[in-house]
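Structure record follows, encoded as structure tokens.
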Amino acid sequence: MNRLLPTLAFLPVAPLSATLAPAAMAQAVVASEMREVSIPASPTSREDSIRLHRSARSRQAAFERLRRHNLPWAWGGGRGECDERIGRFCLTYSEEDAPEWVPPEEPTGVANARWRLLDQLTDAATAIPGDGWVVAQLVRYLAEVGRFDAARTAADLCRGERWWCEAVRGFAAHQAGDSGAADAAFARMLRAMPEEKREEWTDLSQILDRRPLRVYRRLNDEEKQEFETRFWILADPLLQTPGNELRSEHFSRNLLVELQDDSETTENLSWSKDLREILLRFGAPSGWERIRRPFQLHSAELSLLTHYPDADIDLVPPPELLVGEFDPLAGVWNDEDRRARASYPLPQGRERLRWIDPLEYQVAVFRDRDSARVVVAYSLPEDSFPGGATVDAVLSARLSVPGEPLVTRDPSAGREAVLTLSTPQRPALVSIETLSRERRRAARARFGLGIPPLLPGLLSASDLLILSAEADSVPESREEAIRRARGSLRVRAGERIGIYWEIYSPAVEWPERLEISLRLLDADAGWLRRLAERAGVVDRIEPIRIVWGESGYVGETLPRSLVLRIPEEVKPGQYDLEVSVLAPGREPVVVRRTLEVVG
């Protein structure tokens, strides 16, 4: 199943016609530095402004034609079965494990032509800073070559319509990875832009799945604003960064839509709603290839294959969280069975932000009389976060939308860490996030967590917390157990692990005696095997089984811990560690934790 969009390619249904560029290209010296831009001392005449604008358009179109005629060649590709059709285009998705397409080095002639274009756009933007198209194109092409500081300087030059200039500033900041400045600029843009344009840019129709889209289209203006607010709150990818990178990416794509609609494009296509949808859903291309077909080496027809970057993980909220009353337990984040409708690789300056998927972690909830303690331990792969890399870690719990989440943050957490958070005993949307800015690497797990309240007279138990075993010692308190929590639930046969849990009996006396059992069960056993075990037809396979009785308790919470060794003969696979608590006259209590035994 192609869960995300590792490399999205689209091909026009009808091939494009173009004249191939000459084999020999005039070479120019690449400019090492861009000239500084400044506002002219005296205003440019109307005639000069028109001339400069027309010249800038002509130069931009000439550059895109040159780029198109010098794209790399690829055999075949793009024909055959379509995974999806959008208007004139056939979209195909690469296999999930396929390597991401990397564009080859750009020909020197094209690179030199871009620098000449940048010089010409700089001259025009300096002379006519009120021309929003010219300034935006300068910013766009500067960002394309990684000149982010220059792009932001050029964006500040803009003296056109206020909303457009704020959009250009937001785009430049977003491409540079400054999420806070981008979010602030786009917020100013929304306040200044015409109502019709604001509705167009904030519309979510192109990126919503079918079910929420049907609901969204039926809403009135006020309800749509509430829906959009919920969407962007839930879509915010990282709470430890200012602003909202996903929303800024969406507005940046709208800016590119405006530019592409009014400019020469690399694909040489007439702009239409199908191209708008593709750009809003998948962002800017990572590159193009010309398609060479067998037995058509001298054909004048030219078809292009457009590639899009790998989004790593699906950042769009599950559809179930977007409709009806907010239910933190609804939907599955990063669902492997769902193909993301919209893909969001996020820029971080010269590189885009890379996501580690999946994030290894364990989560356990311990309850007190009026609150709950959420404990999360995580472990990041060493090859992605080498020694010395700083990791900013966040644990959050969201109980409602809108509304601020509860947050615990450790800005100097390591590759492995434990975070805790106190929350009411209510279902919550929990997010574990780690970010290394210096490595441009992030990892995230987001999921609904049910936190049932302690009820008087009801026997219950906490989750099982798996610990690193230190000799034969067991933790004597919850705090000590938390400090020893493992960031991974992968264990090896023969390895020793610790286990900590709590049993609760609030506002009522404890039973005279409890019978407690701990078992390790094969989670991969099929339903037929489990049925035969219960019927006694085959022997139950239990690598570990421990049963003991206890009596004489004080207080409402009974903490328990032990150290056990995974038997050497346990084969690799998924196993359930199960603790059962039986008491006369009470409902039995069973809690499980799934472990992965590796070879």
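Consider D261 carefully, then state whether it is acidic (D, E) and open to solvent by 30 Å² or more (accessible area, probe 1.4 Å). Walk me through how you get there before you give the answer.
Working: acidic (D, E): yes; open to solvent by 30 Å² or more (accessible area, probe 1.4 Å): yes.
Against the criterion (acidic (D, E) and open to solvent by 30 Å² or more (accessible area, probe 1.4 Å)), D261 qualifies.
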Practice item. Answer yes if at least one residue in the range 247-259 is among the aliphatic types (A, V, I, L, M), modelled with pLDDT under 95 and not in a helix (DSSP H, G or I), and no otherwise. Key: no
Exercise for review: Kindly provide the set of residues from the range 457-487 that are closer than 18 Å to S505 by Cα and in contact with a Pro (Cβ under 6 Å, 6 or more places away or on another chain), ordered by number.
Suggested key: none
Point to revise | Sole residue being among the hydrophobic types (A, V, I, L, M, F, W, C) and over 26 Å from the mean Cα position of the chain (by Cα), chosen from A172, A124, A151, A167 | key: A124
Review point. Which ones in the range 561-575 are under 28 Å from R513 (Cβ atoms) and either of a type in the set (S, T, Y) or modelled with pLDDT of 95 or more (or both)?
Key: S561
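Restricting attention to the range 96-110, which residues are assigned to a helix (DSSP H, G or I) and buried (at least 16 other Cβ atoms within 10 Å of the Cβ)?
Step one: of the range 96-110, the residues assigned to a helix (DSSP H, G or I) are 108-110.
Listed by number, the residues that qualify are G109, V110.
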Check your understanding: Filtering the range 576-595 down to residues that are touching a Pro at 6+ places or on another chain (Cβ under 8 Å) and open to solvent by 70 Å² or more (accessible area, probe 1.4 Å), which residue is modelled with the highest pLDDT?
Key -> L582
**Study point:** the range 556-575, subset out of contact with any Gly (no Cβ under 9 Å at 6 or more places or on another chain) and not in a strand (DSSP E or B), residue most open to solvent (accessible area, probe 1.4 Å)
**Key:** E569
Check your understanding: Taking the range 546-555, which residues are under 15 Å from Y504 (Cβ atoms) and open to solvent by 60 Å² or more (accessible area, probe 1.4 Å)?
Key -> V554
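What residue, of G457, G450, is touching a residue at least 24 places away in the same chain (Cβ under 8 Å), surrounded by fewer than 20 Cβ atoms within 10 Å (Cβ to Cβ), at positive phi and over 20 Å from the mean Cα position of the chain (by Cα)? Let's see the steps before the verdict.
On the way: G450 fails: at positive phi.
Going through G457, G450 in turn, just one is touching a residue at least 24 places away in the same chain (Cβ under 8 Å), surrounded by fewer than 20 Cβ atoms within 10 Å (Cβ to Cβ), at positive phi and over 20 Å from the mean Cα position of the chain (by Cα): G457.
How many of the residues in the range 304-331 are in contact with a strand residue (DSSP E or B) (Cβ under 6 Å, 6 or more places away or on another chain) and either closer than 30 Å to R290 by Cβ or surrounded by fewer than 19 Cβ atoms within 10 Å (Cβ to Cβ) (or both)?
Looking only at the range 304-331, we keep the residues that are in contact with a strand residue (DSSP E or B) (Cβ under 6 Å, 6 or more places away or on another chain), and these are 304-308, 312-313, 328-329.
Subset that is either closer than 30 Å to R290 by Cβ or surrounded by fewer than 19 Cβ atoms within 10 Å (Cβ to Cβ) (or both): 304-308, 312, 329.
Qualifying residue count for the region: 7.
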Exercise for review: Please state which of the following conditions L219 fails to meet, knowing it meets all the rest: (1) part of a helix (DSSP H, G or I); (2) more than 21 Å from the chain's Cα centre (by Cα); (3) surrounded by fewer than 22 Cβ atoms within 10 Å (Cβ to Cβ); (4) not small (G, A, S).
Suggested key: (1)
Check your understanding: For the subset of the range 372-407 comprising residues that are in a loop (DSSP other than H, G, I, E, B) and of a type in the set (S, T, N, Q), which member is farthest from L455 (Cα to Cα)?
Key -> S384
Check your understanding: Among the listed residues R46, R68, which satisfies the condition of being within 30 Å of L138 (Cβ to Cβ) and free of Cβ contacts under 8 Å to residues at least 60 places away in the same chain?
Key -> R46
Review point. L238 fails exactly one of the following numbered conditions: (1) open to solvent by less than 10 Å² (accessible area, probe 1.4 Å); (2) out of contact with any strand residue (DSSP E or B) (no Cβ under 6 Å at 6 or more places or on another chain). What is the number of that condition?
Key: (2)
Revision key, fill the gap. All-but-one check, R341 against (1) within 30 Å of R85 (Cα to Cα); (2) buried (at least 20 other Cβ atoms within 10 Å of the Cβ), failing number (2)
Point to revise | the range 412-427: number of residues that are more than 16 Å from Q362 (Cβ to Cβ) and under 20 Å from the mean Cα position of the chain (by Cα) | key: 0
Review point. Out of (1) in contact with a Phe, Trp or Tyr (Cβ under 9 Å, 6 or more places away or on another chain); (2) closer than 22 Å to E161 by Cβ; (3) touching a residue at least 12 places away in the same chain (Cβ under 8 Å), what's the single condition that is false for Y216?
Key: (2)
Check your understanding: Here are E301, E277, E289: which of them is open to solvent by 10 Å² or more (accessible area, probe 1.4 Å) and either modelled with pLDDT under 90 or within 30 Å of V430 (Cβ to Cβ) (or both)?
Key -> E301
Check your understanding: Going by the conditions given, is A445 outside any loop (DSSP other than H, G, I, E, B) and of a type in the set (G, A, S)?
Key -> yes
Study note, to complete from the structure: Across (1) outside any loop (DSSP other than H, G, I, E, B); (2) at pLDDT below 95; (3) open to solvent by 30 Å² or more (accessible area, probe 1.4 Å), N334 clears everything bar (1)
Check your understanding: When you look at T434, is it hydroxyl-bearing (S, T, Y), surrounded by 19 or more Cβ atoms within 10 Å (Cβ to Cβ) and either under 29 Å from D357 (Cβ atoms) or out of contact with any Gly (no Cβ under 8 Å at 6 or more places or on another chain) (or both), yes or no?
Key -> yes
Check your understanding: For the range 351-365, does any single residue satisfy the condition of being small (G, A, S) and modelled with pLDDT under 90?
Key -> no
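Please specify each residue of the range 387-415 satisfying the condition of being open to solvent by less than 60 Å² (accessible area, probe 1.4 Å), free of Cβ contacts under 8 Å to residues at least 40 places away in the same chain and on the phi < 0 side of the Ramachandran plot. First the steps, then the outcome.
Initial filter on the range 387-415 (open to solvent by less than 60 Å² (accessible area, probe 1.4 Å)): 389, 391-401, 403, 405, 408, 410, 413-414.
The next check asks that each one be free of Cβ contacts under 8 Å to residues at least 40 places away in the same chain; those that pass are 395, 403, 408, 410, 413-414.
Result: L395, T408, D410, A413, G414.
Checking the condition over 29 Å from L238 (Cβ atoms) and of a type in the set (D, E, K, R), which residue from E495, E438 passes? Let's see the steps before the verdict.
Values: E438 fails: over 29 Å from L238 (Cβ atoms).
Just one listed residue meets the conditions, E495.
If I filter the range 495-523 down to residues being surrounded by 12 or more Cβ atoms within 10 Å (Cβ to Cβ) and outside any strand (DSSP E or B), which single residue comes out as modelled with the highest pLDDT?
The first filter runs over the range 495-523 and keeps only residues surrounded by 12 or more Cβ atoms within 10 Å (Cβ to Cβ), leaving 495-506, 508, 510-511, 513-523.
With outside any strand (DSSP E or B) added as a condition, the list becomes 495, 505-506, 508, 510-511, 513, 523.
Working: E495: 94, S505: 90, P506: 87, V508: 79, W510: 85, P511: 85, R513: 90, A523: 84.
Result: E495.
The values are calculated or read from the model by the stated rules, or taken from the named source; none is laboratory data. Model, not experiment: these values are computed from the prediction. FYI the Cβ positions are ideal-geometry reconstructions off the backbone, even for glycines, and counts take in every protein chain you see. For accessibility, only protein heavy atoms count, side chains too; no ligands or nucleic acids. Shrake-Rupley method; radii C 1.70, N 1.55, O 1.52, S 1.80 Å.
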